[in-house]
Amino acid sequence: MVPTVPSPRRPLNTGHPSDSGHPGHASRAVRHWYENELGWPTVPGTPVDLPTGLRFDVLDAPVEAGYAALRHLRPGSPVAVRADRMQILVAAGSADELPGLLDWLEWGALALDLRAIGEGGRIEAPLPPGTPTSGTPRLAGTPVHVPADMPVKTSMDTAVDDSQGAAVWLRPPEPGCEVEPSLPTLSALGGGVGGAPDLVRLVDTMATECHRIRLRRSCAQPLALS
């Protein structure tokens, strides 16, 4: 039976990735979505990876730090989650700016769990929205180790397999829309053209939260006996 697909969207393949039981079919479906629906390049091989430094760089941090920074993003600015990490897409070239930006914000002397992936790097391609997964699902957008008093308002329509730890979109990119105008950029400092999010505010918020996480973990360590 031929599946019904709303026009003008096309099916990822002739069935769900799980129908065939072969990982290659799922990978082709994922690659098709990125290359044909979004027009994004992918890295050859299985599983599907996305190259960084071309259309975007990525800020990778604990989800606690990522959730705190979501208020600095535009609604269409893509954000992914993988296990207890959040990956926020930022303007290409931002990875090179991060060390100097952290120094300027007076965070450079601290070891923060915040890294940038830029030119020559790659990230796991998050599952396209609506992709079925096996096992017990968890909703994308469900906080992982997020403080109870932190308000979170997110899209929660994509299932994640906790056992596999697959990357998924918390805020997926929109097919047919250029991603670049929605990405945080250093040039937006003081009000960038086109309303792009400000990378400085984003990084400062994430660094602050990373430092708080570091302090909490230090306080939770058992005291050494003398």
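Yes or no: R74 in a loop (DSSP other than H, G, I, E, B), at pLDDT below 95, open to solvent by 10 Å² or more (accessible area, probe 1.4 Å) and of a type in the set (D, E, K, R)?
yes
Which one is farthest from the chain's Cα centre (by Cα) among residues in the range 167-226 that are modelled with pLDDT under 90, of a type in the set (A, V, I, L, M) and in a loop (DSSP other than H, G, I, E, B)?
Looking at residues that are modelled with pLDDT under 90, of a type in the set (A, V, I, L, M) and in a loop (DSSP other than H, G, I, E, B), I get L225.
The values are calculated or read from the model by the stated rules, or taken from the named source; none is laboratory data. The structure presented is a predicted model; accordingly, all values stated were derived computationally and were not measured. The protein model used for the area step is the full one, side chains on, heavy atoms only, and it has no ligands, DNA or RNA in it. Shrake-Rupley method; radii C 1.70, N 1.55, O 1.52, S 1.80 Å.
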